[in-house]
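The values are calculated or read from the model by the stated rules, or taken from the named source; none is laboratory data. None of the values given here were measured: they were computed from a predicted structure. Virtual Cβ from ideal backbone geometry, glycine too; neighbours counted across all protein chains shown. Side chains are part of the model used for accessible areas, which takes the heavy atoms of the whole protein and leaves out ligands, DNA and RNA. Shrake-Rupley method; radii C 1.70, N 1.55, O 1.52, S 1.80 Å.
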Amino acid sequence: MSQIRNIVILTGAGISAESGIDTFRSAGGLWEQHRVEDVATPEAFSRDPDLVLRFYDMRRAAIQEKVPNAAHRALAELDAQWNGNLLIVTQNVDDLHERGGARRVLHMHGEHLKAWCTSCDIRSHWRGTLIDRPCCPVCQARTLRPDVVWFGEMPYRMGEIHAALREADLFVSIGTSGAVYPAAGLVRTARELGLQTLELNLERSQGSNWFHETRLGPATEVVPDWVAEVLGG
Ligand code: OAD
């Protein structure tokens, strides 16, 4: 690891699983309980806004009850101690990286704890519900939606993510199935740029063959072990 200076880490639902937040595609996962087309597309929101807002209100309330686990805390420790560049790109809309203590976090799929006003385009911190159509704190319009990227919408800050990859030596993917693009394609970009690539996951992801190395196990074990190795070496 001594030649590693700059690191990009991609995280997915698997890193929050042991905090009690359902993943999307495992047995009994969120997309078995709800159809994506009903709750996670712009079309669903225009067709049945109450259903969509209620779904996200429940999720927003639920994540506030959860606490970060040893994997979030280990990445926060790495963030605090790593002198080179480090970017934790998360697909997760929970705030467990931040509550675990990490600072250099980029939410490419948005955040449950923000509401986006489609009138004034401002995003505001949000802990309560949206089903009751509250006013935007900035422009007072009743046009707030969850600040979560839906299927068919462009993930956030892709330019920054690619810029970080161009500067990086190591790409690490944690707890993601590799089923959703463009996040799933980042490992391929990393390989084309000549980065080392490492996967930490409970099982092999769909893009597993793109990684130089895969370590299988629960995030609360494999992530702290890897961080200790990086900081120790
Ligand atoms: P998935 O549910 O697709 O995949 C979760 C991955 O985590 C799987 O590969 C599991 O094997 C792994 N996993 C489960 N428990 C784990 C544990 N304790 N430790 C380590 N790994 C574990 O979730 P994502 O890949 O994050 O997008 O899904 C990507 C996107 O699809 C999400 O951001 C969301 C979803 O639709 C949007 O909503 C836009």
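Being closer than 30 Å to Asp132 by Cβ, away from the ligand (no atom under 12 Å from the Cβ) and not charged (D, E, K, R) narrows it down to one of Ser19, Ser46, so name that one.
Ser46
For the list (1) within 13 Å of the ligand (Cβ to nearest atom); (2) under 24 Å from Leu193 (Cβ atoms), I need the number of the one condition that Glu153 fails.
(2)
Give Leu216, Leu165 a once-over and let me know the one that is within 12 Å of the ligand (Cβ to nearest atom), among the hydrophobic types (A, V, I, L, M, F, W, C) and out of contact with any Pro (no Cβ under 7 Å at 6 or more places or on another chain).
Leu216
Within region 129-143, identify whether any single residue is closer than 30 Å to Gln206 by Cβ and buried (at least 18 other Cβ atoms within 10 Å of the Cβ), and answer yes or no.
no
For region 54-64, what are the residues that are open to solvent by less than 60 Å² (accessible area, probe 1.4 Å) and either over 20 Å from the mean Cα position of the chain (by Cα) or basic (Lys, Arg) (or both)?
Arg59, Arg60, listed by residue number.
Please specify each residue of region 168-194 satisfying the condition of being more than 10 Å from the ligand (Cβ to nearest atom) and within 12 Å of Ile9 (Cα to Cα).
Ala168, Asp169, Leu170, Phe171, Val172, Leu186, Val187, Ala190
Would you check if there is a residue in region 150-170 being on the phi > 0 side of the Ramachandran plot and open to solvent by less than 40 Å² (accessible area, probe 1.4 Å)?
No, region 150-170 contains no residue that is on the phi > 0 side of the Ramachandran plot and open to solvent by less than 40 Å² (accessible area, probe 1.4 Å).
Any idea which residue in region 207-231 is surrounded by the fewest Cβ atoms within 10 Å (Cβ to Cβ), counting only those that are touching a Ser or Thr at 6+ places or on another chain (Cβ under 6 Å) and outside any helix (DSSP H, G or I)?
His212
Only one of (1) farther than 19 Å from Pro155 by Cβ; (2) in contact with a helix residue (DSSP H, G or I) (Cβ under 6 Å, 6 or more places away or on another chain) is not met by Val187, so which one is it?
Every condition holds for Val187 apart from (1).
Here's a check for you: in region 39-51, which residue that is part of a helix (DSSP H, G or I) and in contact (Cβ under 8 Å) with a residue 40 or more places away in the chain is farthest from Pro155 (Cα to Cα)?
Asp50
Just to be sure before I move on: is Asp22 open to solvent by 20 Å² or more (accessible area, probe 1.4 Å) and not aliphatic (A, V, I, L, M) in the structure I sent?
yes
Restricting attention to region 70-89, which residues are assigned to a loop (DSSP other than H, G, I, E, B), open to solvent by 10 Å² or more (accessible area, probe 1.4 Å) and in contact with an Asp or Glu (Cβ under 9 Å, 6 or more places away or on another chain)?
Of everything in region 70-89, just one residue is assigned to a loop (DSSP other than H, G, I, E, B), open to solvent by 10 Å² or more (accessible area, probe 1.4 Å) and in contact with an Asp or Glu (Cβ under 9 Å, 6 or more places away or on another chain), namely Asn85.
Among the residues of region 28-78, which ones are in contact with a His (Cβ under 9 Å, 6 or more places away or on another chain) and over 17 Å from Gly110 (Cα atoms)?
Within region 28-78, Pro68, His72, Leu75, Ala76 meet the criteria.
Looking at region 118-159 only, could you name the residues that are in contact (Cβ under 8 Å) with a residue 60 or more places away in the chain and acidic (Asp, Glu)?
Glu153
Give me the pairs, please: first residue somewhere in region 214-233 and polar (S, T, N, Q), second residue anywhere and more than 9 Å from the ligand (Cβ to nearest atom), beta-carbon distance under 7 Å, and either six or more positions apart or on two chains.
That search, which allows pairs on different chains as well, returns Thr214/Glu199; Thr214/Ser208; Thr220/Ala70.
When you check Asn92 against the structure, is it over 28 Å from Ala44 (Cα atoms), modelled with pLDDT of 95 or more and either in contact with a helix residue (DSSP H, G or I) (Cβ under 7 Å, 6 or more places away or on another chain) or in a loop (DSSP other than H, G, I, E, B) (or both), yes or no?
No; evaluated as a whole, the condition is false for this residue.
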